[in-house]
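Scroll down for the structure; my scribbles are underneath it.
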Amino acid sequence: MATITSHGAAKVVTGSCHLLDIEGGARILIDCGMFQGPEEDRNNGPFDFDPGEIDYLLITHAHLDHVGRIPKLLKEGFRGIICATEATRDLAEIILLDSAKIMKEDYKTNYKKAQRRGKEGSVREPLYAEEDIESAFDLSWHYPEYDEPLTLQEGLTITYRNAGHILGSAFIEISYMERGIEQTIVFSGDIGNDNDVVMPDLEKCTHANTLYVESTYGDRNHKSAEATITEFKRIIIDTLNDWGNVVIPSFAIERTQELLCILKEMHDRKELPECQIFLDSPMATRATEVYNNHSDLLSQKCQDYKKRDGSVFDFEELTFTPDAKASKAINDIDRRAIIIAGSGMCTGGRILHHFKHRLWNRKNAVIFVGYQVVGTLGRHMVDGARWVKIYREDILVRASIHTVNGFSAHADQSAIVKWVSQMKDLNRIFLIHGEEDKQVILRSVLENVLEQKVHIVEPGEVIYL
C-alpha cells in the first residue's frame, strides 16, 4: 500500500516537502522547500527520511518554500532524478543562488557578533553554498511539457498541468499501478487565480482519486482583480500628485512582473503622473528576463506586449538598478519615485535601505502587495507598528501603509472550491500548505459543498492510500 508523509507545509504555509512511497515501486519527493518565518529553525535539522533512498524529486514551482532545501537534500545523499518545467528550472537557479548569497552574508555577520563574545562555535554554518547548487543542476533532470504524460518507469506516469501561479508552475498528476488498479494522486503545489495579469488561468483537473491541495487563503476570498488594480493605481496617482514616493516591497518572482505590467499599462493609457520607476532588485531583474524569455507561457496581454515592443516589461519610465551604486543613487531622488525592491516580506535586501530613508516622511506611501508571514518586519508594519528597527536604528513609521491583498498569486477560497469541485472520482482530500485556522474554515466549506470528509494533514503524519 502506498503512503504519503508530509515533512513540511503541514499546518504551516512554508517548507513544502511530501514523500510518496509506492510499495514495490518508487519513493517520490514532491518539493523540498525552505521553512520561513517562525518555522525557519527547522531548516537546520536533518531530514526525517533518507535522501539517498529518494528516486525522484518532482518540483511544482520555483518559490523558495518549494525548492529552498534541494541543495541540502543533495548534501545529505540524494542522487535521484529531478523533474520540473524548463521555466521552473531557470527560476529555481536564480532563487537558490540568491538564497546561498543571503545565508553566506548572514553567517559572516553573525560570526563577527559571536566572535566579539567569544562564542564563534555557536554560529550555524549556511545550509549550503553555490557549489552545492551547481551539483544539484548537474544531476539528471527531466523537463515535462504541460499536459504531456511522462513515464518515469513501468507503471508510473506523471503529468504536469499549468497551475497559473507563477511562470512554470504546475500541479502534478501522479498515476501508478497498485494491485492491477491504476491510482491517481494530485499534488496542487500552489494554484493561482483566474484574474492574473501575467499568468494564464489555472487549468482544470478533471480526474483524481486522492488530492493534496494548498489552503493558504482557504478562509477568505480576494478582492476582485479590477478592484485591486484600481486601488493600486489610486495610491500610486495620489502619492505622486502629492509629490511623494511609493515604496513597494515585492517578491522577485511573479508579483514584480505583475506590477510592471500594470505600470506599463498606466504608461500606455497616460494614467501615470510624471515619475521615475526603479526596479531595485538584481534577483527580480534576472527573474524578469526569464519571464521575458518564456513569454509564450504568459497571458495573451503579455504576449502582445512582446510582439509590439520586443519586451514584455520595458517602458520609458522604468530603470533597472543592477548594482549597489545605482541603488544608492535612488536616495538622491526626493519626490515622485516608485521603488520596487526586495525582499517581499522585508526580511532583508535593498527594501530596508529605502525604508530607512523614506518611512519617516508623511508624503510617502508603502504598498504591501503580498502575504506577510507572522514574525517578519512586513507583518509588523501591516499590523500597525509605529516604530521599526532597521540596521539597529529605530525608525518612526509616518509614511502611509497600504495592503492591497487582491494581488495574491494563490487561489482564494472560492477558487479552491471551484477547482476541487470539477474533479471526478475524488475519494480523499487532504489540506496542506496553510495555517491551521485557515484550514479548519476551508475544511468546513469543502465538506459542505462536496459532502465528503476532508483531512488536515499533521506534520509527519503517515497517510495510507
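A few notes on this one:
- Restraint check, Lys233/Lys301; Lys264/Lys325; Lys325/Lys389; Lys301/Lys438; Lys233/Lys270; Lys11/Lys389, Cα-Cα greater than 22 Å: Lys264/Lys325; Lys325/Lys389; Lys301/Lys438; Lys11/Lys389
- In the context of the full set of protein chains, the range 151-198 has a per residue accessible area of 32 Å² (1.4 Å probe).
- Accessible surface, per residue, of the range 358-465 when the full set of protein chains is kept, probe 1.4 Å, Å²: 48 Å²
- Whole-percent pair-distance distribution, where bins are 10 Å wide, for the alpha carbons of the range 323-465: 9, 31, 23, 17, 15, 5, 0
- Loop sites by DSSP among the GluC sites (Glu not before Pro) of the chain, restricted to those with at most 10 other Cβ atoms within 10 angstrom, leave 1-153 as the longest stretch without any of them.
- Qualifying trypsin sites (Lys or Arg not before Pro) in the range 152-212, where qualification requires a DSSP coil assignment and no more than 13 other C-beta atoms within 10 Å, comprise Arg179, Lys204.
- Within the chain, helix-based [θ] at 222 nm, where runs of 4 or more DSSP H residues each add -39,500 (n - 2.57), nearest 500: -9500 deg cm²/dmol
- Applying both filters, DSSP loop and at most 14 other Cβ atoms within 10 Å, to the chymotrypsin sites (Phe, Trp or Tyr not before Pro) of the range 216-290 gives Trp243.
- Every pair of different Cα atoms in the chain enters the Kirkwood calculation, which places the hydrodynamic radius at 23.0 Å.
- Across the range 260-327, Cα-Cα pairs more than 20 Å apart make up 31 percent of the total.
- Candidates Leu20, Ile181, Gly378 compared by Cα position along the dipole of the chain: farthest toward the positive end lies Gly378, with charges placed on Cβ.
- Solvent-accessible area, 1.4 Å probe, carbon plus sulfur percent, for the range 1-147: 43 percent
- Using only side-chain charges placed at the Cβ, +1 for Lys and Arg and -1 for Asp and Glu, the dipole size of the range 173-319 relative to its Cα centre rounds to 80 debye.
- Separation of alpha-carbon centers, the range 333-395 and the range 210-248, rounded to whole Å: 16 Å
- Sites Ala329 and Ala225, calculated FRET efficiency, Cβ-Cβ separation with R0 35 Å, nearest 0.05: 0.50
- Solvent-accessible area assigned to carbon and sulfur over the range 173-216 amounts to 43 percent, based on a 1.4 Å probe.
The values are calculated or read from the model by the stated rules, or taken from the named source; none is laboratory data. Note that this is a predicted model, so its numbers are computed, not measured. Cβ sites come from the backbone with ideal geometry, for glycine too, and all protein chains shown count toward neighbours. Only protein heavy atoms, including side chains, enter the accessible area calculation; ligands, DNA and RNA are left aside. Shrake-Rupley method; radii C 1.70, N 1.55, O 1.52, S 1.80 Å.
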